[in-house]
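The values are calculated or read from the model by the stated rules, or taken from the named source; none is laboratory data. Fair warning: this is a prediction, and the values are worked out from it, not measured in the lab. We place every Cβ from the backbone using ideal geometry, glycine too, and count neighbours over all the protein chains shown. These area figures cover heavy atoms from the full protein model, side chains too; ligands, DNA and RNA do not enter into them. Shrake-Rupley method; radii C 1.70, N 1.55, O 1.52, S 1.80 Å.
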Amino acid sequence: MTNILDNLNSQQQEAVREIEKPLLIIAGAGSGKTLTVASKIAYLIDQGAKAENILALAFNQKAAEELKNRVISMLGNSEDLSISTFHSFCNQVIQDNILNTKLNANFKVITDTAQLVYLTKNINSFGIEHLEFNHEPYTLAEEMKKFISRCKDESISPDDIQQYIEKKEKNMLDEEALEDLNNLNDILKIYQAYEDYKAKNNMLDFGDMLCTVHNLLKSKPLILKRYQEKFQFVIVDEFQDTNYIQLQIVHLIASKHSHITVVGDDDQSIYRFRGAYLTNIAEFKKMFPNYVEKNFRTQLPQHQKKS
């Protein structure tokens, strides 16, 4: 293995060498962050960490594959390394702990298209009384799919919405507030029907994967302990594109050792429509108050390619 630090500038080298404290890397496009993350993984192993104790999470499959290929080019293989998307990681956790969920082993993942088809075809059976959609069921189905996805991102269940409605109903409401609450009641009917449909057909959507794993780690101390001991080093790429529930999962796993590195760009978030939000960077600072921050937006050394 060639010297891991050879192709890095001084800022990147500092980031790679920081393996004791929580690390927040702010890095813009073209600043070599993928190379830095891959080098960090290789450096950890070079310093004695076991590959099986490292968890690296990327936001999409393309980024995960790119990171894995970079690591392979440095180490020669990626055997025992966990480099994946959040959803792939959560899918594996669910499979490994299926008896602790309400799912059967042959659960299916419902696609975005199948969600839309279900909502569109059944729009007239949800008992909608107040929502107006001008006989365009697809439009309402599309909006409901987005709403449900946002709820999953923020760990908001139908029960949470029901409790909110009941609390609001105890107050004196003006006409506008009452209309909003009536619309929310209709939305709740659709959300609950969708959840019942999935439960009946042993299905999960992508948001459910995250929520299921979050609930597992939060409510099952022995399962949490197992993952904390297994993944002693956690690395999250494109951290600005994570949402609330993903942040909670990462925090639960990393909180024991605090060997966590997150890499984000506070200027961009291509997954804003998926519920990602910049306050995760602020939340990270609260969760890991002894964090170290490295900020590099400068250009790369002349010999170094952009990533």
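Points to keep in mind about this one:
- Pair list, Cβ < 7 Å and 6+ apart or interchain, from the range 28-46 residues that are open to solvent by 20 Å² or more (accessible area, probe 1.4 Å) to residues that are acidic (Asp, Glu) and modelled with pLDDT under 95: 29/265
- Pick from the range 92-115, criterion in a helix (DSSP H, G or I) and open to solvent by 50 Å² or more (accessible area, probe 1.4 Å), ranking: nearest to residue 233 (Cα to Cα): 92
- Looking only at the range 219-266, and only at residues there that are open to solvent by 30 Å² or more (accessible area, probe 1.4 Å) and of a type in the set (D, E, K, R), the one that is nearest to the chain's Cα centre (by Cα): 238
- Scanning the range 240-253 for residues that are touching a residue at least 60 places away in the same chain (Cβ under 8 Å) and of a type outside the set (Ser, Thr, Tyr) turns up 241, 243, 245, 246, 248, 249, 250, 253.
- Output for the range 10-27, where each listed residue is aliphatic (A, V, I, L, M) and open to solvent by less than 10 Å² (accessible area, probe 1.4 Å): 15, 16, 23, 24, 25, 26, 27
- Looking across 128, 156, one residue alone is of a type in the set (A, V, I, L, M), open to solvent by 60 Å² or more (accessible area, probe 1.4 Å), touching a Lys or Arg at 6+ places or on another chain (Cβ under 9 Å) and in a loop (DSSP other than H, G, I, E, B). It is 156.
- Across the range 187-210, the qualifying residues are those that are hydrophobic (A, V, I, L, M, F, W, C) and either part of a loop (DSSP other than H, G, I, E, B) or touching a strand residue (DSSP E or B) at 6+ places or on another chain (Cβ under 9 Å) (or both), and the one among them that is most open to solvent (accessible area, probe 1.4 Å) is 206.
- Unmet criterion (only one of (1) in contact with a Phe, Trp or Tyr (Cβ under 6 Å, 6 or more places away or on another chain); (2) within 19 Å of residue 258 (Cβ to Cβ)) for residue 43: (1)
- Search result, residues across the range 184-218 that are acidic (Asp, Glu) and either closer than 17 Å to residue 101 by Cα or under 20 Å from the mean Cα position of the chain (by Cα) (or both): 195, 196, 205, 208
- Residues of the range 71-110 satisfying the condition of being farther than 16 Å from residue 249 by Cβ and in contact (Cβ under 8 Å) with a residue 60 or more places away in the chain: 74, 75, 76, 102, 103, 104, 106, 107, 108, 109, 110
- So residue 52, is it closer than 18 Å to residue 254 by Cα, part of a helix (DSSP H, G or I) and of a type outside the set (A, V, I, L, M, F, W, C): yes
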